[in-house]
Amino acid sequence: MKHPFMTAMTVAAAALVGSMLAAGAQESYPTKPIRLIVPEVPGSAADLMGRIIGQRLGEAFGQSVTFENLFLEVGIEKGIKSAPDGYTLIYGSSGNLALLPHVQKVTFDPLKDLTPVARFVIQPTLIAANSALPVKTLQDLVAMMKASPGKLRMSTAGAGTAGHFAGEMFIKMAKVEPEVVNYKGGGPAIEAVVSGDSQWTVAPTGGRLPYVRSGKLKALAVGGTARLAMLPEVPTVAEAGYPGYDAVGWGAIFVPNGTPQPIIDKLNATIAKVVTLPEAKKQFEEQGTEPASSSQAEMAKLLRDEYARLGQLAKTLGLSVN
């Protein structure tokens, strides 16, 4: 018969060994490739931002980072249900986490079903038009839409996306009536404007500046509170005659609930380090975006605050499904 004291000692020793093994595994993390789920299509702003941070994390960890593009709710749901071992990361944004649940019925709760790690980028929106459209300013575009209600098409990356929401904000503020066309992702939405299938768009800056530089898109205004260093001649929407307009998004890394805190801490510290690298800063800035890290607590608060703010704004715009 085993003595109770010896049994307790055996259990305690096993627990200690288990915790030491777990700590060792977390200390050596990562030991295999990491998957980053991006809830957008290839070529979108989210995809480009995800690939920049994924590349830099892979270099810092000495492991490859693979990318899986699954549109909006499908991608987020897959991330939520993945193993909480640090080998699945989810690209979360103001659009797909703070906004989407207010304008579409979704099966997840962004405040409860995912764990934030860190923000890594801030990106304003860009109002841009087809290069052949006979407008030079945002006021010209508004005048054209008022002269021909329902004629000009505004492309979006999909109903409920950040660009769609920012566009609806501007439509309400400018009191215009374009036809809103929701494409399946940011890449197709931009290509539609370049081809002339749609005439203008409101979209995150990521991935759009190369089209502007090549003359395929005409930049009319930026949605932040300050002009972009890469487009100093392009006014803000507020400067163009619509004070109070402010549409700036963010991108962040999330993990499934239950991911060990030491792994989260290591990811957070690594993100904070890589976004300050000169080559990474150049990559972000060339897309009109700003690298910006945060603590885990700051990211959690940002999501809560943005979720509440955008929920109220969705109701004001008549877009809320709640």
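Under 5 Å from the amide H of Leu36 lie the amide H atoms of Thr66, Phe67, Glu68, Leu89, each residue being 5 or more positions distant or on a separate chain, with H modelled from the backbone and absent for Pro and chain starts. Annotation: the antiparallel percentage among DSSP beta bridges lying fully within the stretch 91-208 is about 45. 3J(HN,Hα) couplings calculated from phi for the stretch 43-57 with the Karplus curve 6.51 cos²θ - 1.76 cosθ + 1.60 (θ = phi - 60°) are, in sequence order, x, 7, 4, 4, 4, 5, 5, x, 6, 5, 5, x, 4, 5, 5 Hz; Gly and Pro show x. The distance separating the Cα centre of the stretch 184-252 from that of the stretch 49-84 comes to 26 Å. The alpha-carbon positions of the stretch 166-275 define a convex hull whose volume is 154 Å³ per residue. The gain in end-to-end length when the Asn257 to Lys184 segment is fully stretched comes to 23.4 nm, 0.36 nm per residue minus the alpha carbon separation.
Applying the Karplus relation 6.51 cos²θ - 1.76 cosθ + 1.60 with θ = phi - 60° to the stretch 287-304 yields 3J(HN,Hα) values of 9, x, 10, 10, x, 7, 8, 7, 6, 5, 5, 5, 5, 4, 5, 4, 5, 4 Hz, where x marks Gly and Pro. For the chain, give me the percentage of DSSP beta bridges that are antiparallel, rounded to the nearest 5 percent. The antiparallel fraction comes to roughly 60 percent. Candidate cross-link partners of Lys105 among the lysines, defined by an alpha-carbon separation under 20 Å and a same-chain spacing of 8 or more, comprise Lys78, Lys81, Lys184, Lys315. For the listed peptides 112-121, 55-64, a ranking on the average number of other beta carbons within 10 Å per residue, highest first, reads 112-121, 55-64.
Rolling a 1.4 angstrom probe over the protein heavy atoms with all chains in place gives the chain an accessible area of 44 Å² per residue. Each of the peptides 186-198, 235-247 was scored by the mean count of other Cβ atoms within 10 Å over its residues; in descending order, highest first, they stand as 186-198, 235-247. By the equivalent-ellipsoid construction on the alpha carbon gyration tensor, the stretch 130-223 comes out with semi-axes of 18, 16, 12 Å, ordered largest to smallest.
Counting 0.36 nm for each residue step from Thr316 to Lys151 and taking away their Cα separation leaves a gain of 56.9 nm. Close amide H contacts of Gly43 (hydrogens built in the peptide plane, cut-off under 5 Å, sequence separation of 5 or more or a different chain): Leu48. Each peptide in 173-185, 41-53 gets a packing score, the mean of other Cβ atoms within 10 Å over its residues, and the list from highest to lowest is 41-53, 173-185. Using every pair of separate Cα atoms, the Kirkwood estimate puts the hydrodynamic radius of the chain at 20.7 angstrom. In the chain, the calculated helix contribution to ellipticity at 222 nm averages -13000 deg cm²/dmol per residue, counting -39,500 (n - 2.57) for every DSSP H run with n ≥ 4.
Karplus-derived 3J(HN,Hα) values for the stretch 312-321, using 6.51 cos²θ - 1.76 cosθ + 1.60 with θ = phi - 60°, are 5, 5, 4, 5, 4, 7, x, 10, 6, 9 Hz; glycine and proline are entered as x. Global size of the stretch 37-160: 18.2, 57 Å for Rg and Dmax (C-alpha atoms, Rg to one decimal, Dmax whole).
The values are calculated or read from the model by the stated rules, or taken from the named source; none is laboratory data. For clarity, every value in this text was computed on a predicted model and none was experimentally measured. So basically every Cβ, Gly included, is an ideal-geometry build from the backbone, and we count neighbours across all protein chains shown. Protein only, heavy atoms only, side chains kept; ligands, DNA and RNA dropped before computing areas. Shrake-Rupley method; radii C 1.70, N 1.55, O 1.52, S 1.80 Å.
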